[in-house]
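Data block below; observations after.
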Amino acid sequence: MYPSRIRLAIEKYLEERPDEVAFLRSEFNGCGGSRSGVDKTLRSMVEEGKFVRVGYGAYVRAEPVISPITKSPATVPVALTKTWAAQLLRKLGVDPQQDSATREYNEGKSTQVPAWFAFDVGKSRISRKIGFGKGRLVLESVGGCYWLGEALRGCFRGVLGLTSNARETSIGRAAPVST
């Protein structure tokens, strides 16, 4: 069977951008055909292992590998989470920065190595679930720290600069305790 015109246009689009690993669905609108045709082509490329879907309308270049543990085939992103997540956030109009835990560790204010990878998104109100497999990207904002899907306890104090003399409110944000 011959590849469709849409698939050829998407492959050409990818060849023109060898350094990019993260893509939004909207980037492929100019590849011709209808929206459903582009979606169908992307879905088939995910099934073939060319892409990994990391969120609604978000795709990352992938490659098929054989798992060294289970010896079964798997599809994994071609770049580290740090790389593709930063590219994806920039394409969504968010300026990703180091999260507070990593910043404190690098500045020597803390000796605790951050337990997860996160981005500080400033005042952005992004609320997407971004991730691959069981992992989800952790996003820190000015108003608190959010794990898209589950709230992380413990990181709120560092984000807001509160001391151990703080309590968490019912919505999961840290609030200072009056003395």
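The values are calculated or read from the model by the stated rules, or taken from the named source; none is laboratory data. Predicted model only: the values in this text are computed from it and were never measured. Glycine also receives a Cβ, built like all others from the backbone with ideal geometry; neighbour counts cover every protein chain displayed.
A few notes on this one:
- Residue among Trp116, Trp84 that alone is on the phi < 0 side of the Ramachandran plot, in a helix (DSSP H, G or I) and hydrophobic (A, V, I, L, M, F, W, C): Trp84
- Every residue from segment 1-35 that is loosely packed, with under 15 Cβ neighbours inside 10 Å, charged (D, E, K, R) and outside any helix (DSSP H, G or I): Glu16, Arg17, Asp19
- Per the listing Val38, Val46, Val65, the residue uniquely in contact with a helix residue (DSSP H, G or I) (Cβ under 6 Å, 6 or more places away or on another chain) and either part of a helix (DSSP H, G or I) or modelled with pLDDT under 95 (or both) is Val38.
- Odd one out for Ser72 among (1) touching a helix residue (DSSP H, G or I) at 6+ places or on another chain (Cβ under 9 Å); (2) free of Cβ contacts under 8 Å to residues at least 40 places away in the same chain; (3) of a type in the set (S, T, N, Q): (1)
- Among the residues making up segment 79-100, those that are surrounded by fewer than 14 Cβ atoms within 10 Å (Cβ to Cβ) and not hydrophobic (A, V, I, L, M, F, W, C) are Lys82, Arg90, Gly93, Asp95.
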